[in-house]
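S.K.: Here it is: the structure, laid out below.
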Amino acid sequence: MTSPMHARKAKLKTHLISAKAKLKHNVTTRRVVLLVAAATSAFLLVFTLRTLHSAALRGARAGAAGATAAPAAASTPPAAVADAHHADDQQEQQQHHQQQQECASKVPASVAEALVHYATSNETPRQTEAEAGAASRVLARRAPCGLLVFGLGPDSALWAALNHGGRTLFLEADADRIASARAAHPAGIDLQAHTVAFQQEAMTMTTPSDGDLLLVALRNSSDCAAAASPAKPLAPDHLEQSPCALAPRRLPAAFYEAEWDVIVVNAPVPGAIYTAGVAARARRPGTGETDVLVHGVDGTVEESLARAFLCEGYLKEEVGRLRHFSIPSHRDKDAMPFCP
């Protein structure tokens, strides 16, 4: 008879044979591959999580270190703080200077207004292109400067624009013309215009014979010649009380306030030409010459007047009806002749 021990061993052996057979039946190559892939994925997932966790810990530690370093920065020496502020100020100044240069490179408002004015105006200019070009070259060399203009007309905006940044003063005998010019003048240009009175006898000399008489009167009259070469700065009583028939009256205070670098006579009126010569000769010594531009020389009378009062020896350029004279100061030079 079989013992219980032998029976249990036989049963266990039977179970082992059966399990081995099942394992052999279930474990295939495909299942082994899937198991390995699953294990690899699990390993990569765990590794990634551990890496992210370590990076978070390092960031927290760096933040804590920065927080502890902040009080140290607050204890920076005052000299270092001052240097930092100085560097900021220098950078701000450089930026401001750059902005100023950019603004300076833009077209000035007065010039822009003049361009629009002439582009939309139906007025006929008094000057030809060659005459205006010669005048603009003189102003380009002297501007910004003191510019004195006798007479108002369609070219008034041109003179003011060419002398952008300088002082431009207009003197006109006709008050109505000043009002009309201001109404038609570009808004961006400040028109400084004043009335001036020329003596009637000087205004009526328009024939060649009158011109000859005027030249004789100038050469023979000590009143006119002496007043034209003042020995001291101009003052209102110098011209207002002059016995010379060419001396103007009611000149504004602005006429005496500046040294006029360029003088423009828009029409060769004897009194205007004479006054231009007086102002040029009265210029402060050592400040250079005065450029006098006479426009509108249409005949022998105007030509004679310009050359007599402003001197042929000072004539620099002739372009069409424009005459350009360059007159030195006669002040403090008693022996200097009226004309060279």
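Just so it is clear, none of the values below were taken in a lab; they were calculated from the coordinates. What you are looking at is a predicted structure, and each value in this text was computed from that prediction instead of being measured. Please note: Cβ atoms are built from the backbone with ideal geometry, for glycine as well, and neighbour counts cover all protein chains shown.
S.K.: Using θ = phi - 60° and the Karplus form 6.51 cos²θ - 1.76 cosθ + 1.60, what ³J(HN,Hα) does each residue of the stretch 312-317 get, whole Hz, x for Gly and Pro?
M.R.: Whole-Hz 3J(HN,Hα) from phi for the stretch 312-317: 4, x, 9, 6, 10, 7.
S.K.: So what's the net charge close to Ala143: Lys and Arg +1, Asp and Glu -1, counting the other residues with Cβ under 15 Å from its Cβ?
M.R.: The answer is +1.
S.K.: Test of understanding: what is the full-extension gain from Ala140 to Gln241, defined as 0.36 nm times their sequence separation minus their Cα-Cα distance?
M.R.: 32.7 nm
S.K.: Can you give me the long-range amide H partners of Leu152? Hydrogens built in the peptide plane at 1.01 Å from N, cutoff under 5 Å, separation of 5 or more residues or another chain.
M.R.: Here nothing satisfies the definition.
S.K.: Students often check this: by mean Cβ neighbours within 10 Å, which of 126-139, 267-280 ranks highest, and how do the rest follow? Write down the numbers at each step before the final one.
M.R.: Working: 126-139: 17.3, 267-280: 25.3.
Ranked by mean Cβ neighbours within 10 Å, highest first: 267-280, 126-139.
S.K.: How big is the stretch 257-340 by Rg and Dmax over its Cα atoms, in Å?
M.R.: According to the Cα coordinates of the stretch 257-340, Rg and Dmax are 12.1, 36 Å.
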